[in-house]
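Written out below as structure tokens is the structure these notes cover.
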Amino acid sequence: MRAGILGVGHYVPEQVMTNHAFEETLETSNEWILARTGIRERRIAGEDTDTSDLAAHASIEAIEHAGIGVEDIDMILVATGTADYDGFPSVACLVQEKIKARQVPALDVSAACAGFTYAMVVAKQFIETGTYRHVLVIGAEKVSKKLDWTDRNTAILFGDGAGAIIMGPVSEDKGILSFDLGADGTGAEQLFIKDYLRMNGREVYKFAVRQMPKSIHQVVEKAGLNLSEIDLFIPHQANSRIIEEAANKLGVTKDRFSMTLDRYANTCAATIPLSLKEEINSGRLKSGDVVVMVGFGAGLTWGSVAMIWGK
Ligand code: COA
């Protein structure tokens, strides 16, 4: 039995914050941010909206898209680094209540911006052993509440949003082919949230440009494929230059990489499912396409999943 994706949903708050908004408060400019990161604008959640609200909205869309009922969900996993509560309860428990799911197991997966790929691989284990049939996997973040708005090195990079998928068994010629997960705890100090988000931008940049192509190579090789056979790469959206450098290193044209950070910036664990939904909505992703998702982030962590799209 192979685990695959049965439905996808996403949600972003309505409030748009453009780069120009930072020009009033920080020593920066729209031109600098756009040229150095590729970001034009991001969404910012209001005070009455927290991570679990974003997650619940995206989940409801994913459930509808999958054509199942909320009562069919057997487990809830939320990848997040910006939970509603510091510590507990998990966002997954809050989502369970908000979407009125059954009293199924619910837990958060903490692997920062690689969290969504980690959570997908956790779900895959339960599905392929026949333990659970439908797992709701969410990437959701309200990063804005953890930003130091006086720090131009970090404040400009992030946004709020959520994406969700329903995972379940799919036909033999579809679904997840391989995965590659890893972590390097020696880099823990390079990017962390303790009250506020702090980052050594240059070190994280170097790590991303090194690790992203490496993980893609691993996952493609494990799937028994060549890079030329991958129709679409969905990379974590941190910086367009990181994606372009990774594409260069792999010898793949950058048009095969999904790029949504111009509109949403870095929504941490949410960037991959957000981009996935945009690719479905635009009609670019079709049944039978080979997709590689790749995330990297604090930990330091990384994760890739190769799959054939469709049920
Ligand atoms: N506006 C204007 N100048 C800025 C700035 C801003 N918003 N942010 C930083 N700068 C300055 C720096 O202070 C530095 O000045 P200095 O040379 O006087 O010290 C200069 O720009 C160049 O800094 P540098 O770090 O070399 O810039 P960069 O081109 O590498 O871009 C980042 C900085 C943060 C955009 C880049 O390092 C990055 O994207 N890193 C990875 C971030 C990331 O992906 N994080 C999440 C991973 S999940």
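A few remarks follow.
- Tallying residues that are surrounded by 15 or more Cβ atoms within 10 Å (Cβ to Cβ), within 16 Å of the ligand (Cβ to nearest atom) and of a type in the set (Ser, Thr, Tyr) within region 1-59 yields 2.
- In region 212-238, the residues that are within 11 Å of the ligand (Cβ to nearest atom) and either surrounded by fewer than 24 Cβ atoms within 10 Å (Cβ to Cβ) or assigned to a loop (DSSP other than H, G, I, E, B) (or both): His236, Gln237, Ala238
- In region 1-114, counting only helices (runs of 4 or more DSSP H) that sit wholly within it, the ones holding 2 or more residues that are of a type in the set (S, T, N, Q) and under 24 Å from Val305 (Cβ atoms) span 51-66.
- Elements of type strands (runs of 3 or more DSSP E) in region 129-210, at least 2 residues being under 18 Å from the mean Cα position of the chain (by Cα): 135-142, 160-170, 175-183, 191-194
- Residues (of a type outside the set (A, V, I, L, M, F, W, C) and within 13 Å of the ligand (Cβ to nearest atom)) located in region 135-183: Gly139, Glu141, Lys146, Asp148, Thr150, Asp151, Arg152, Asn153, Thr154, Gly159
- Single unsatisfied condition, Thr271 versus (1) out of contact with any strand residue (DSSP E or B) (no Cβ under 7 Å at 6 or more places or on another chain); (2) more than 16 Å from Thr117 (Cβ to Cβ): (2)
- Contact annotation: residue pairs with Cβ atoms under 6 Å, 6 or more positions apart or on different chains, pairing a residue in region 140-157 that is aliphatic (A, V, I, L, M) and surrounded by fewer than 20 Cβ atoms within 10 Å (Cβ to Cβ) with a partner that is part of a loop (DSSP other than H, G, I, E, B) and at pLDDT 95 or above, are Ala155/Leu147; Ala155/Trp149.
- Being more than 14 Å from the ligand (Cβ to nearest atom), touching an Asp or Glu at 6+ places or on another chain (Cβ under 8 Å) and charged (D, E, K, R) is a condition met by at least one residue of region 81-95.
The values are calculated or read from the model by the stated rules, or taken from the named source; none is laboratory data. Remember, predicted model here, so these are calculated numbers, not experimental data. Backbone-built Cβ (ideal geometry, glycine too); neighbour counts: all protein chains shown.
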